[in-house]
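Asks: Please read through the structure below; I'll follow up with questions.
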There are 2 protein chains.
Amino acid sequence: MTANAQYRLAARPVGLPKPTDWQYTEEPVGEPGDGQFLVENQYVSLDPAMRGWMNAGKSYLPPVGIGEVMRAAAVGTVVSSKHPDFAEGDIVHGVFGVQKYAISDGKGVSKVDTSLAPAPMHLGTLGNTGFTAYFGLLDVGKPEAGQTVVVSAAAGAVGSIAGQIAKIKGCRTIGIAGGPEKCKLLVEEFGFDAAIDYKAGDIRGQLKEHAPNGVDVYFDNVGGEILEAVLARLTRGARVVISGAVSQYNSETPPSGPANYMQLLVARASMTGFLVFDYAARYPEATADLAKWLQEGRITSRETIVDGGIAAFPETLNGLFAGKNTGKLILAV
Amino acid sequence: MTANAQYRLAARPVGLPKPTDWQYTEEPVGEPGDGQFLVENQYVSLDPAMRGWMNAGKSYLPPVGIGEVMRAAAVGTVVSSKHPDFAEGDIVHGVFGVQKYAISDGKGVSKVDTSLAPAPMHLGTLGNTGFTAYFGLLDVGKPEAGQTVVVSAAAGAVGSIAGQIAKIKGCRTIGIAGGPEKCKLLVEEFGFDAAIDYKAGDIRGQLKEHAPNGVDVYFDNVGGEILEAVLARLTRGARVVISGAVSQYNSETPPSGPANYMQLLVARASMTGFLVFDYAARYPEATADLAKWLQEGRITSRETIVDGGIAAFPETLNGLFAGKNTGKLILAV
């Protein structure tokens, strides 16, 4: 009998998840029942949002329960099926969890077209990551050609794509990331017009230098002091897109809100949150655009694939919060 | 020669303005030159925004300079004129300052139609106060019939009108104010469906009771913990209108931002600032609607008129921050 390997949530973390917040389990793989199939995960998606799912309390999704397999999107291969729409050998995308095998009823599962791009990219640029950048920037941020777009966590999975889409739309793009290496990558690989190294300090001064006429669209993945700094430089009618707040997710003190949010009034600006799931009906539109831009070489997709199997999950996830990856962070099973 | 009486800004206040932050001056009234007129102020408008104008630093208007007459909107009578468009006896509205007499070149000055409403109301419901409520609620908040609209500082000048407009548009309206007397007024005089007394504590609990299905539009005049509480109860796609943040204006510690602003993401909601001046071209539209609603008795306009002359300005302004007024606070000259 095949053995499954899983990471389950053992305790609700305070701050950065500790090894004791996880439970590694091995158990026999079950048999799919009627209308179900068994998938063998090949790639598990690691996302900042996972940290939020580990907290108690109401949010846009229910928290992962203590003892439950950690929630995660994954791409895998169907290895046996009693489901009419999925056959052995199909490569599929779904919320299969941090485990080697999953049984699924097909809800929320889609087949992956590996002729468009290799499988891991369907967790990144051609998956929810890319869709988050696409709809957040275009639908919420509404950038116009010639405007200045600032993106935080710009070397990350969502940020690197958001910046490149803004560039395609004719905007001046400024990426914010930590350290000279990432900043070099922003300009040389992802085509940002300028990069700001937040670890070098004086974020406001750097912003003033690179966005002398202000910021029309800010795509925020981080919150905290970077959000504060950008709010102080908004143009009239600017749009702040709230995509994430990774600087706050592992904070052991209460999160901090933007103390200068009244800049929204001074600038007649808006700050809007969104969730990619709401755009599910329009994923094909995003896929078509993103695949075309990839093919034309107008978008560079980066994946950091960690080849450690399920066992490497806790450490790899913490690496995400330490900013060790560039582009999409994926665990190869 | 007629003597003018004025309040000038003597120092930039820390916290609540102190007597020493003001300088009372008397000086001869000048003669209007060509293209100018002399106005005798009858009513001076007292607004929370005045506190912001006293601070140094860039904002939507330049700060009042040290030694300058304090900026204020006022209604007065033209007493002599060398301006082709304004004649002796005209009743006019303009930014005439905290003083008995002002010389004006007519820029930003409008004639007041006292057949529509008595002069003080043109500083309140039929002036920038009413326009702020009108455009902030309708253009930014976009309430739909049947939705729940929450208004803070709801017994104040802007809040009381915003709530009544929301009611006219078929919304369920909840007003937040301090103390049982104001809360009684909200329901009995301004027609709110429910009132929340923030001084009674447990704002979140009271909100849950009166807005069990959440808040679709929040018209915020106060910021601080009330904003925090409402953010936690937004419906999906809710609109937060940032009209003011009076709880923060006199804070001696750095202002606090909404720590739970990520609720905007959970609720796919927006928070938008606005300034009434941007709607100047549409003031006639607002005036027509507001005057009609006043005539039909669908809007109650309250003014607290303090009959103390220019000398009473500093104390009366601090009364505004202490929440002593209901409706529009006006100083009778």
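The values are calculated or read from the model by the stated rules, or taken from the named source; none is laboratory data. Nothing here was measured: the structure is a model prediction, and the numbers come from that model. Ideal geometry is used to build each Cβ from the backbone, glycine not excepted, and the neighbour counts take in all protein chains shown. Just the protein is used for accessible areas: all its heavy atoms, side chains included, with ligands, DNA and RNA removed. Shrake-Rupley method; radii C 1.70, N 1.55, O 1.52, S 1.80 Å.
Asks: What is the Rg over Rh value, at two decimals, for the protein assembly as shown, using alpha-carbon atoms and the Kirkwood definition of Rh?
Replies: That ratio is 1.06, to two decimals.
Asks: Return the value, in Å² to the nearest 100, of accessible area buried between chains B and A (probe 1.4 Å, both sides summed). Working shown, then result.
Replies: Numbers: alone 14650 and 14670 Å², together 26990 Å².
Rounded to the nearest hundred, the buried surface is 2300 Å².
Asks: Less than 15 Å Cβ to Cβ from B:Gly201, Lys/Arg counted +1 and Asp/Glu -1: what total charge do the surrounding residues give? Before the final figure, lay out the partial values.
Replies: Values: positive: B:Lys199, B:Arg204, B:Lys208; negative: B:Asp197, B:Asp202, B:Glu209, B:Glu225, B:Glu228.
That works out to -2.
Asks: Something else about it: For chain A, which longest stretch is free of loop sites, where a loop site is one of the GluC sites (Glu not before Pro) that DSSP puts outside H, G, I, E and B and that has at most 14 other Cβ atoms within 10 Å? Working shown, then result.
Replies: Working: sites that count: A:Glu68, A:Glu88, A:Glu144, A:Glu252, A:Glu296.
Between the exposed loop sites, the longest stretch runs A:145-251.
Asks: Another question, then. Return the calculated 222 nm mean residue ellipticity for chain A, to the nearest 500 deg cm²/dmol, obtained by summing -39500 (n - 2.57) across DSSP H runs with n ≥ 4 and dividing by the residue count. Provide the component values of the computation, followed by the final result.
Replies: Numbers: 10 runs with 80 residues, N = 333.
Rounded to the nearest 500, the figure is -6500 deg cm²/dmol.
Asks: For B:Ala11, which inter-copy label distances result when the label point lies 7 Å beyond Cα on the Cα-to-Cβ vector, reported in nm to one decimal and in ascending order?
Replies: 5.4
Asks: Under 12 Å from the 7 Å Cα→Cβ point of A:Asp105, by amide nitrogen: which residues of the stretch A:29-63?
Replies: Counting only backbone N, you get A:33-37.
Asks: Something else now. Loop-only check: which trypsin sites (Lys or Arg not before Pro) in the stretch A:230-302 are DSSP coil with at most 14 other Cβ within 10 angstrom?
Replies: On the way: sites: A:Arg233, A:Arg236, A:Arg239, A:Arg268, A:Arg282, A:Lys292, A:Arg298, A:Arg302; in loops: A:Arg233, A:Arg268, A:Arg298, A:Arg302.
Here the sparse-neighbourhood loop sites are A:Arg298.
Asks: Follow-up. Of all the accessible heavy-atom surface of chain A, with the other protein chains kept in place and a 1.4 Å probe, what percent is carbon and sulfur? Don't skip to the end; give the middle numbers.
Replies: Details: 6860 of 13510 Å².
Within chain A, the accessible surface is 51 percent carbon and sulfur.
Asks: Hey, another quick one. Label position 7 Å from Cα toward Cβ: report the copy-to-copy distances for B:Lys324 in nm, one decimal, ordered from shortest.
Replies: Ordered by distance, the counterparts are at 6.3 nm.
Asks: Measuring from a point 7 Å out along Cα→Cβ, what nm distances, shortest first, does A:Gly205 have to its partners in the other copies?
Replies: Reported distances to equivalent positions: 5.0 nm.
Asks: Mind computing the radius of gyration and Dmax over the alpha-carbon atoms of chain A? Å is fine for both.
Replies: Using the Cα atoms of chain A, the pair Rg, Dmax is 20.1, 65 Å.
Asks: How would A:Phe96, A:Phe321 rank on accessible area, largest to smallest, probe 1.4 Å?
Replies: Values: A:Phe96 10, A:Phe321 45 Å².
Largest accessible area first, the list is A:Phe321, A:Phe96.
Asks: Taking a probe of 1.4 Å, how large is the accessible area per residue of the protein assembly as shown, in Å²? Before the final figure, lay out each step's value.
Replies: Numbers: 26990 Å² over 666 residues.
I get 41 Å² per residue for the protein assembly as shown.
Asks: Given the options B:Gln295, B:Gln147, B:Gln164, which has the most mean-square fluctuation in a GNM of chain B, springs set between C-alpha atoms less than 10 angstrom apart?
Replies: B:Gln295
Asks: Could you give the Stokes-Einstein D for the stretch A:128-277 in µm² per second, using the C-alpha Kirkwood radius, 10 °C, 1.306 mPa s? Could you put the intermediate results ahead of the total?
Replies: On the way: Rh = 14.8 Å.
Translational diffusion coefficient: 107 µm²/s.
Asks: Please tell me the relative contact order of chain B in percent, rounded to the nearest whole number, where contacts are Cα pairs under 8 Å and at least six residues apart. Each step should come with its number before you reach the end.
Replies: Details: 750 pairs, mean separation 58.9, N = 333.
Reported relative contact order: 18 percent.
Asks: Nearest the rotation axis from A to B, which residue of chain A has its beta carbon, and at what whole-angstrom distance?
Replies: Nearest to the symmetry axis by Cβ: A:Gly257, 2.
Asks: Over 20 Å between C-alpha atoms is what I'm after, so list which of A:Lys199/A:Lys324; B:Lys58/B:Lys107; A:Lys167/A:Lys292; B:Lys199/B:Lys324 land there.
Replies: Working: A:Lys199/A:Lys324 14 Å; B:Lys58/B:Lys107 23 Å; A:Lys167/A:Lys292 15 Å; B:Lys199/B:Lys324 14 Å.
In this structure, B:Lys58/B:Lys107 exceed 20 Å between Cα atoms.
Asks: Out of all DSSP beta bridges in the protein assembly as shown, what portion is antiparallel? Express it as a percent rounded to 5.
Replies: Numbers: 63 of 115 bridges.
Beta bridges within the protein assembly as shown, antiparallel portion: roughly 55 percent.
Asks: Among the aspartates and glutamates, which have Cα under 19 Å from the Cα of A:Lys100 when same-chain residues fewer than 8 positions away are ignored?
Replies: Within the straight-line limit of under 19 Å, A:Lys100 reaches these aspartates and glutamates: A:Glu26, A:Glu27, A:Glu31, A:Glu40, A:Asp47, A:Glu68, A:Glu88, A:Asp90, A:Asp307, A:Glu315.
Asks: A follow-up question, please. Charges at C-beta only: +1 for Lys and Arg, -1 for Asp and Glu. How large is the resulting dipole of the stretch A:128-277 about its Cα centre, in Debye rounded to 20?
Replies: Numbers: 13 positive and 14 negative charges, 84 e Å.
I would put it at about 400 debye.
Asks: In whole angstrom, note down how far apart the Cα centers of the stretch A:109-134 and the stretch A:240-313 are.
Replies: Distance between centres, Cα-based: 15 Å.
Asks: Also, quick follow-up: Whose amide H sits under 5 Å from the amide H of A:Phe274, counting only residues 5 or more places off or on another chain, with H placed in the peptide plane?
Replies: Amide H to amide H, under 5 Å and 5 or more residues apart or across chains, A:Phe274 pairs with A:Ile242.
Asks: What pairs from B:Lys111/B:Lys142; A:Lys184/A:Lys208; B:Lys182/B:Lys328 go past 23 Å between their alpha carbons? Could you put the intermediate results ahead of the total?
Replies: Values: B:Lys111/B:Lys142 31 Å; A:Lys184/A:Lys208 19 Å; B:Lys182/B:Lys328 14 Å.
Cα-Cα > 23 Å for B:Lys111/B:Lys142; rest within.
Asks: Let me ask you something else. With both partners inside the stretch A:128-277, how many of the DSSP beta bridges are antiparallel, as a percent to the nearest 5?
Replies: 0 percent
Asks: For chain B, set up a GNM with springs between Cα atoms under 10 Å and report which of B:Pro62, B:Pro32, B:Pro314 has the largest fluctuation.
Replies: Highest fluctuation among the options: B:Pro62.
Asks: Quick one: dipole size for the protein assembly as shown, taken about the Cα centre, charges +1 on Lys/Arg Cβ and -1 on Asp/Glu Cβ, in debye to the nearest 20.
Replies: Numbers: 58 positive and 68 negative charges, 24 e Å.
Charge dipole, the protein assembly as shown, about its Cα centre: 120 debye, nearest 20.
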